[in-house]
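Asks: This structure is in structure tokens; I'll ask about it shortly.
The values are calculated or read from the model by the stated rules, or taken from the named source; none is laboratory data. Treat the numbers as computed from the prediction; the structure is a model and nothing was measured. Cβ atoms come from the backbone with ideal geometry, glycine included; neighbour counts cover every protein chain shown. Surface areas here come from the heavy atoms of the whole protein model, side chains and all, with no ligands, DNA or RNA. Shrake-Rupley method; radii C 1.70, N 1.55, O 1.52, S 1.80 Å.
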Amino acid sequence: MNGFGFERTGGLPPAQVSGEAEQDGPPTLSADSELDLSADEMRQKVEETLDRLDAELVGLGPVKRRVREIAALLLVDRARQQFGLTASRPTLHMSFTGGPGTGKTTVATRMAQMLHAMGYIRSPKVHTVTRDDLVGQFIGHTAPKTKEAIAKAAGGILFIDEAYYLFRPENERDYGQEVIEILLQHMEDDRESMVVIFAGYPDRMDTFFGANPGLSSRVPHHIGFEDYSHDELVQIAELMITSENFQFTDNARAAFAEYLDLRMQRPRFSNARSVRNALERSRLRQARRLVDLRRPLNRQDLVTITAEDVRGSSLFEDAVDDDVPEVQGADA
């Protein structure tokens, strides 16, 4: 059984059915036909994309379940079309809420690949923008900027990061509201050719949608990304370091777990992003250590991250010396 609760049957034709009515154009099945969803080639492509998502992202069980639900919705919608059952096309605009480094961009990328594989968008591209890419500095500047971004995302996904910065009610001369109005129009008119994903912190996104009910009503899929646990962050570090052809010594692994304990208590912790930053700094310290050895290096030297490379972080110094000023938000 796979993630949708159906049995896989392998590489079969895209629509294995019995009782298909003969006609020109896309096949319409007779009322007594049966459609084997597990034999759909599109289904296999979707499963491959979802498997990559599982492999890339540690944890995020609720997010992955919601993505699979959306995939199931589209597969069933496709099956209904083959029986000639008319219905409005599913609206796919989404909201991704969560802190930095929780996988929102990765999920958006895989979502684009899945929607493209199923024929719901023309291209698997994700065009990422922020307020600065959409809001102009003077009258008449905002509309062209916003429409240019929409044109670049046409046929794919427009990913608006920190979307709440579009709405600044304290400044009545702000042009962000113009962006929202243009987006509303295109989200309705172009909903069969473009998906818009709004992303940002949960509390601010709630305020953003609460102040713009017309926008909220056009976004049926709200997906929350929880912060990673300490154990999940350790797993992420292992995945990252292995993908770069490095490895921890046992002592280095323990030291990195201790580093995470300290870093998670500091301001501006960014989940997987902070893990990546810490590993980059460990690599810097490893490189300095290897150069200082002043001897020939072997392969094992080059792939090994030691406890010394990890414990060179200033966080360990701060932990034992209260007189050392805290580095606000640094992953040093």
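Asks: How many lysine pairs are close in the chain, with Cα atoms under 27 Å apart and the two 8 or more places apart or on different chains?
Replies: Close lysine pairs under the 27 Å cut-off: 13.
Asks: Okay, next question. Using the heavy atoms of the protein chains and a 1.4 angstrom probe, tell me the accessible area per residue for region 219-267 in square angstrom.
Replies: 51
Asks: To the nearest 10 degrees, how steep is helix 230-243 against the longest Cα principal axis of the chain, on a 0 to 90 scale?
Replies: Approximately 90 degrees, to the nearest 10.
Asks: Then there is this: To the nearest 10 degrees, how steeply does helix 104-117 sit against the main Cα axis of the chain, on a 0 to 90 scale?
Replies: 30
Asks: Out of all DSSP beta bridges with both ends in the chain, state the antiparallel percent to the nearest 5.
Replies: 15
Asks: Shifting gears a bit: Report Rg (one decimal) and Dmax (nearest whole number) for the chain, counting Cα atoms only, units Å.
Replies: Rg, Dmax (Cα atoms, Å): 24.5, 82.
Asks: Additional query: Taking the full set of protein chains and a 1.4 angstrom probe, give the accessible area of residue 33 in square angstrom, rounded to the nearest 10.
Replies: Spelled out: residue 33, probe radius 1.4 Å, area about 10 Å².
Asks: State the percentage of accessible surface on region 28-86 attributable to carbon and sulfur atoms; use a 1.4 Å probe and exclude ligands, DNA and RNA.
Replies: Roughly 52 percent, rounded to a whole number.
Asks: Choose one answer from 194, 205, 264: the residue with the largest mean-square fluctuation in a GNM of the chain with alpha-carbon springs under 10 Å.
Replies: 264
Asks: Run lengths n ≥ 4 of DSSP H only: what is the helix-derived mean residue ellipticity at 222 nm for the chain, with -39500 (n - 2.57) per run over all residues, to the nearest 500?
Replies: -15000 deg cm²/dmol
Asks: Normalised by the number of residues in region 133-235, what is the relative contact order in percent for Cα pairs under 8 Å and 6+ residues apart?
Replies: 27
Asks: On a 0 to 90° scale, report how tilted helix 272-293 is relative to the longest principal axis of the chain, with both axes built from alpha carbons and the result rounded to the nearest 10.
Replies: Compared with the principal axis, the helix lies near 40 degrees.
Asks: Can you give me the C-alpha center-to-center distance between region 278-296 and region 189-241, rounded to a whole angstrom?
Replies: 38
Asks: Further, regarding this structure: Could you work out the local net charge near residue 238, counting Lys and Arg as +1, Asp and Glu as -1, over the other residues with Cβ closer than 14 Å to its Cβ?
Replies: Here the count lands on -3.
Asks: Continuing with this model, one more query. Roughly how many percent of the accessible protein surface of region 142-248 is carbon and sulfur, given a 1.4 Å probe and a whole-percent answer?
Replies: Carbon with sulfur: 45 percent of the solvent-accessible area.
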